[in-house]
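Notes follow once the structure below has been shown.
Rule-based calculations on the coordinates, nothing more; no lab input. Keep in mind it's a predicted model, so treat the numbers as computed, not measured.
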Ligand SMILES: CC(=O)[C@@H](O)[C@H](O)COP(=O)(O)O
């Protein structure tokens, strides 16, 4: 079970809701992924014009926990305003703080992310900040009361996978709140690797929505999360420099 604040989830895979070819494929992908948590950008979600399509109308909303994100916010003030807007729907008190500090890399603004986390925690939200893989910042976010930290594997939408496994390991080792690797995942192997490193969960979007077959990829990600977690719990063998024979050599009665 993954516990984030007062929430508990069987699935450790969180899914984004953007950039799918169409709503039917998206619905099938979400089903196959086994996810219980869907994140969406409050600013980009059409909740104002009932004549325009809205993905939330296509799914059984009671099956999912919604994690609105503050994408599009440029500072803490705007992020807090967006979080309150989402909370006004009465459907979610969780929020993913996403404050982009650089339009080219889409890397988060650390100062504003910390500020927004402090304010939203004080307001009673369950707060999951998206952060870079900065070890010190991840600790400060936890100390500010974040209910989970979400370090990026690599830039959003890049599909580069985990570019700094060492930093992620340090964050995982030091954290007493869940670590959910968010952004940059490109393949099931990346997902399994994050989970094998000891991450508590993975949040991804583009790897599924942009796959040739999003429905199959969503299912693959489900198994990757489960396999990676199982591998982590099982404890991998240490890496050695030289070969070690797989079969025992003692008691062999034939040969020279
Ligand atoms: C949907 C969402 O919240 C993204 O901002 C998230 O960070 C996922 O990134 P990828 O699209 O790289 O998986």
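Between 169, 158, 89, the GNM of the chain built on Cα springs shorter than 10 angstrom shows 89 fluctuating the most.
Kirkwood-type hydrodynamic radius, segment 176-246: 13.1 Å, calculated from all non-identical alpha-carbon pairs. Beta bridges per DSSP, both residues in the chain: antiparallel share near 15 percent.
At full extension, residue 22 and residue 61 could sit 12.2 nm farther apart than now, given 0.36 nm per residue minus the alpha carbon distance. For the chain, the share of alpha carbon pairs falling in successive 10 Å distance bins from zero is 7, 31, 35, 16, 5, 3, 2, 1, 0 percent. Between 237, 156, 180, the Gaussian network model of the chain with springs among Cα atoms under 10 angstrom shows the greatest mean-square fluctuation at 237.
Build a GNM of the chain with springs between Cα atoms under 10 Å apart, and of 31, 133, 200 the one that fluctuates most is 31. Plainly put, segment 67-174 has a radius of gyration that is 0.96 times its Kirkwood radius, both from alpha-carbon atoms, as the Rg/Rh ratio.
One compactness figure for segment 48-92 is 1.32, namely its Cα radius of gyration divided by 2.2 N^0.38 Å. Dividing the mean sequence gap of close Cα pairs (under 8 Å, 6+ apart) by how many residues segment 10-233 holds gives a relative contact order of 21 percent. Here the translational diffusion coefficient of segment 1-144 follows from Stokes-Einstein with Rh set to the Kirkwood radius across Cα pairs; for 10 °C and 1.306 mPa s it amounts to 100 µm²/s. Directionally averaged projected area (segment 154-199, Cα convex hull): 2.8 nm².
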